[in-house]
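The next block holds one structure in the form of structure tokens; read it before the comments.
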Amino acid sequence: MSGETVSIAITGAGGAGVMTASQMLLDAVAKEGLYGLMGRSSGPQIRGGEVAAFLRLGTRTVECLDDRFDIMVALDWLNVERFSAEIPLDAKSLVLCDADAGEPPARIVASGARLVALPLQETVNSLPGGRMNMVGLGLVSALLGVGADTIVAVVTKSLGKRGQAVLDAGIAGVNAGAALIDGIDTSVYRLEARAIATERWNISGNEAAGLGAVRGGVRFVAAYPITPATEILEWLAPNLEKVGGVLVQAEDELASINMIIGGSFGGTPSLTATSGPGLALMTEAIGLAVASETPIVVIDVMRGGPSTGIPTKSEQSDLNIALYGLHGDAPHIVTAANSISDCLFTAQWSVHLAEQLQVPAIVLTDQLLGQSRAIVDRPADIAFLGKREMASGALDTYQRYAVTTSGVSPMAIPGTPGGEYVADGLEHAVSGRPSSGAEDHTTQLDKRARKIEEFDYGQHWAEIAGDGPLAVLTWGSCAGPVREACARAEAMGLRIRLICLRLLAPAQVDALEAALEGVERVLVVEQSHSKQFYRYLRAHYDLPRDVRVLSRPGPLPIRAGEVLEHLQSWS
């Protein structure tokens, strides 16, 4: 453990309650005034297969998993070796397992971790209605020193609605699990409760993205469920209705994207959420939104690809399709959230940009951000609200695609007297009339490009921190471990500049040039096999001559320790 945080992995069979128990543990430490992060990993079959929860709990904010795990609780050994690469253990790690579960896997033994076999199943069998996950919860919460009243309160809130018998069994399991730590030195795992000075949220990236969309003004959502984006829809379904909005579960992604184009064409800010395969299906219609200048927002929660790939694990390899996947010259916005809480800001800002500029905006998050939960300080309220320029006044000579100074043409929603025009995917004259003329084509291409290239995106295009001749350029879920690596480097006396891009397209050439002033070397950090981010940077920006890349595909996350190793070796 780092002294400020403790890292815990809980593994077991899908459906055994690993995630439920882990969620309860996160809730409990939040009540104790601590921070935490909970990620998840599972096989593609979800239920009946293997599943693992990864927690990092601490006295400070936590944005990424640690380099190693202090504690591993194996509720059983089912396929646990599939996670072994995701659960780095060493001689200081403690592995708790069931005494009746058989021999530990070879890779666990080879890690050198201290293995302690406990009568987990025997304890479960001794309890009426006993559940292994509740015994495991009691075990871990006792190791961490979570107050007994706190854990009982959390269990009561979670299980109370399922009846007294279930609640009693749950509490009995927690108490029995806590009793099993006798003889284990818990002093190194204890996290002291803290007073809570500011309001905190326990939120996932997908929930934050949904909230950001609503705050931005989205009132119509059409989408087809897909891992790992489905939780956005699950959160929006009840909450969108509270603000007068509507969510439709479409029959597929093609219907989803065309529904939201229609919704936005009718005047309602609209959104869909998907993952890589869904985004691929949507690209033709996104081009329609570009040509017709219809604002829409598409949130892509990336997973391992291509094709169905590894749907339950994270990767940043949809970057190229988000940037370049549309046919023709099709200027659009691509943004990326840099943390779980930033999913809120980025989604809200993206709605604002889409509406303001009348363009499609693709928001990139990934499984690691979307399906992880974190205890965070309450994000600041921001004022961005989607507002498109509407046609008004006398419209006798209305031209939907008139060339304006900003490139944004006032939009008339259907039914506006005098605002009638032809709307389709064909190239058009300023009136909207279809045209194959070279002059009209060039005029509209110039207008569509200019409005997003010349827009003032302010300071929100990137997060910049620190100063020094060595800079780290990164984006998305890699930002968390890079931030921690930079903080560790600073504590060691190194001066590192951190630049996390939030606006990926259009490229902010002048802004990045200014941010890199005085920088001699750049380390690019990303999670893709083909170095998509690095190659995008090379295509659009003048980087210093010395550039190194830390890149690998999912599902293994980039960890702060390996980023720090690169920084140290190059300083």
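The values are calculated or read from the model by the stated rules, or taken from the named source; none is laboratory data. Just so it is clear, the model here is predicted, and its values are computed rather than measured. A quick note on method: Cβ atoms are made from the backbone with ideal geometry, for glycine too, and the neighbour counts reach across all protein chains shown. Ligands, DNA and RNA are stripped out before the accessible areas are found, and what is left, the full protein with its side chains, is counted by its heavy atoms. Shrake-Rupley method; radii C 1.70, N 1.55, O 1.52, S 1.80 Å.
Within segment 495-529, the set of residues being open to solvent by 30 Å² or more (accessible area, probe 1.4 Å) and either of a type in the set (Ser, Thr, Tyr) or at positive phi (or both) comprises GLY518 only. Highlighted here are the helices (runs of 4 or more DSSP H) found entirely within segment 493-571 that include at least 3 residues which are over 22 Å from the mean Cα position of the chain (by Cα) and of a type in the set (A, V, I, L, M): 509-515.
Just one residue in the set LEU211, LEU167 is without any contact (Cβ under 8 Å) to a residue 24 or more places away in the chain and either in contact with a helix residue (DSSP H, G or I) (Cβ under 8 Å, 6 or more places away or on another chain) or surrounded by fewer than 21 Cβ atoms within 10 Å (Cβ to Cβ) (or both); that residue is LEU167. Of the residues ARG219, ARG162, which is of a type outside the set (Phe, Trp, Tyr), open to solvent by 60 Å² or more (accessible area, probe 1.4 Å) and within 30 Å of LYS387 (Cα to Cα)? That would be ARG219, the only listed residue that is of a type outside the set (Phe, Trp, Tyr), open to solvent by 60 Å² or more (accessible area, probe 1.4 Å) and within 30 Å of LYS387 (Cα to Cα). If you go through segment 122-156 and pick out every residue that is part of a helix (DSSP H, G or I), touching a residue at least 60 places away in the same chain (Cβ under 8 Å), open to solvent by 20 Å² or more (accessible area, probe 1.4 Å) and farther than 11 Å from ALA176 by Cα, you end up with 2. Being in contact with a strand residue (DSSP E or B) (Cβ under 8 Å, 6 or more places away or on another chain), over 27 Å from TYR35 (Cβ atoms), in contact (Cβ under 8 Å) with a residue 24 or more places away in the chain and not in a helix (DSSP H, G or I): is that true of ILE375 here? Answer is no for this residue.
The residues of segment 13-50 that are at pLDDT below 95, part of a helix (DSSP H, G or I) and surrounded by 22 or more Cβ atoms within 10 Å (Cβ to Cβ) amount to a single one, VAL18. Of the residues making up segment 66-88, those that are at pLDDT 95 or above and open to solvent by 30 Å² or more (accessible area, probe 1.4 Å) number 3. Checking the stated criteria, ALA354 turns out not to satisfy the condition of being buried (at least 23 other Cβ atoms within 10 Å of the Cβ) and closer than 16 Å to SER477 by Cα.
The single condition among (1) open to solvent by 30 Å² or more (accessible area, probe 1.4 Å); (2) under 25 Å from GLU453 (Cα atoms) that ALA330 does not meet is (1).
Across segment 452-477, which residue is nearest to GLY418 (Cα to Cα) among those that are touching a residue at least 60 places away in the same chain (Cβ under 8 Å) and open to solvent by 20 Å² or more (accessible area, probe 1.4 Å)? Restricting to residues being touching a residue at least 60 places away in the same chain (Cβ under 8 Å) and open to solvent by 20 Å² or more (accessible area, probe 1.4 Å), the top hit is PHE455.
State whether one or more residues within segment 429-451 are within 20 Å of PRO360 (Cβ to Cβ), surrounded by 14 or more Cβ atoms within 10 Å (Cβ to Cβ) and in contact with a strand residue (DSSP E or B) (Cβ under 6 Å, 6 or more places away or on another chain). Within segment 429-451, none of the residues are within 20 Å of PRO360 (Cβ to Cβ), surrounded by 14 or more Cβ atoms within 10 Å (Cβ to Cβ) and in contact with a strand residue (DSSP E or B) (Cβ under 6 Å, 6 or more places away or on another chain).
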